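Notes follow the structure.
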Amino acid sequence: MRFDVVTLFPELFAPFLTAGVTRRAYETRQVDVRLWPLRDHAEGNYRRVDDRPFGGGPGMVMLAEPLARCLAAVKADRADTAPVVLFSPIGERLDHAGVERWSASAGAILLCGRYEGIDQRFIDTHVDVQLSLGDFVLSGGEVAAMALLDAVARLQPGVLNDAGSHQEDSFNPALDGLLDCPHYTRPEEWNGLKVPEELLSGHHARIAAWRRQQRLAITARHRPDLIASARQAGRLTRADEDFLRTL
């Protein structure tokens with residue numbers, strides 16, 4: 001898949017694309033990321049990409065014309081119908097199901113906004129999808145773009161050391177959409193705190209039952225909405241319900 005990123009700060013992506021386990025996806029181009037510096041498509045001595053907003057107010061607004069020229073260049077290079085994605089507070093919130101859909105797609109063109117936003121006329125004319133990471137505001141869309149790229153990359157075959165490790169991620173359907181359980185490693189006792197006995201038993205069924213109950217307990221405590229969704233989808237067993245009643 002291919003993601004083209006339109007950004008004022010392409011240098012922010014350099015360490016992201018070359019560090020960590022997900023770099024494998026970018027190096028092999030399983031996830032082909034191409035950066036498009038927006039100022040390369042601005043005119044004038046100052047390569048201006050923003051201006052004051054009509055009606056007054058603080059901050060600056062990104063100009064439509066440089067964005068339109070850059071987008072035209074991206075589309076000509078791709079020669080396909082990839083959706084144009086803008087990271088925006090009004091967008092649909094990105095979740096695990098959304099990441100799975102993007103991970104199975106051919107990619108997209110990611111627009112990283114800055115300042116007070118983008119001229120609405122460009123959005124109305126060119127943007128196909130708007131996405132949000134949550135109810136907060138970032139200085140720009142680059143961090144949001146990296147979040148999407150990272151989430152998509154780790155789902156690609158061969159990227160993680162253990163091919164099935166993402167199956168046990170929080171929110172994964174393989175865990176019925178629940179949060180993941182706690183994890184422990186050596187030493188068996190640290191600062192007076194011991195690893196749960198079940199994990200040291202060597203009994204696979206006992207370990208699996210403990211992990212299931214921990215996932216249920218943590219999800220019920222922190223995200224009861226996920227318990228309700230799992231129950232509505234028929235993913236909770238009688239044993240699950242019996243355990244939840246003990247909490």
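See the values below:
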| quantity | calculated |
| --- | --- |
| Evaluation of Leu111 against (1) within 15 Å of Ala145 (Cβ to Cβ); (2) surrounded by fewer than 19 Cβ atoms within 10 Å (Cβ to Cβ) (one fails), failing number | (2) |
| Looking only at region 198-247, and only at residues there that are under 30 Å from Glu188 (Cα atoms) and among the acidic types (Asp, Glu), the one that is surrounded by the fewest Cβ atoms within 10 Å (Cβ to Cβ) | Glu198 |
| Region 100-117, residues that are without any contact (Cβ under 8 Å) to a residue 24 or more places away in the chain and either assigned to a loop (DSSP other than H, G, I, E, B) or on the phi > 0 side of the Ramachandran plot (or both) | Ala104 |
| Matching entry among Ala153, Ala174 (being in contact with a helix residue (DSSP H, G or I) (Cβ under 7 Å, 6 or more places away or on another chain), within 30 Å of Ala108 (Cα to Cα) and without any contact (Cβ under 8 Å) to a residue 24 or more places away in the chain) | Ala174 |
| Verdict on Phe136 being crowded, with 17+ Cβ neighbours inside 10 Å and without any contact (Cβ under 8 Å) to a residue 40 or more places away in the chain | no |
| Subset of region 47-98 that is in contact (Cβ under 8 Å) with a residue 60 or more places away in the chain and open to solvent by 60 Å² or more (accessible area, probe 1.4 Å) - its residue that is farthest from Val33 (Cα to Cα) | Asp95 |
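The values are calculated or read from the model by the stated rules, or taken from the named source; none is laboratory data. Predicted model, so just to flag it, every value in this text is computed and none were measured. Neighbour counts run over all protein chains shown; Cβ positions are idealised from the backbone, glycine included. Note: areas computed on protein heavy atoms with side chains; ligands, DNA, RNA excluded. Shrake-Rupley method; radii C 1.70, N 1.55, O 1.52, S 1.80 Å.
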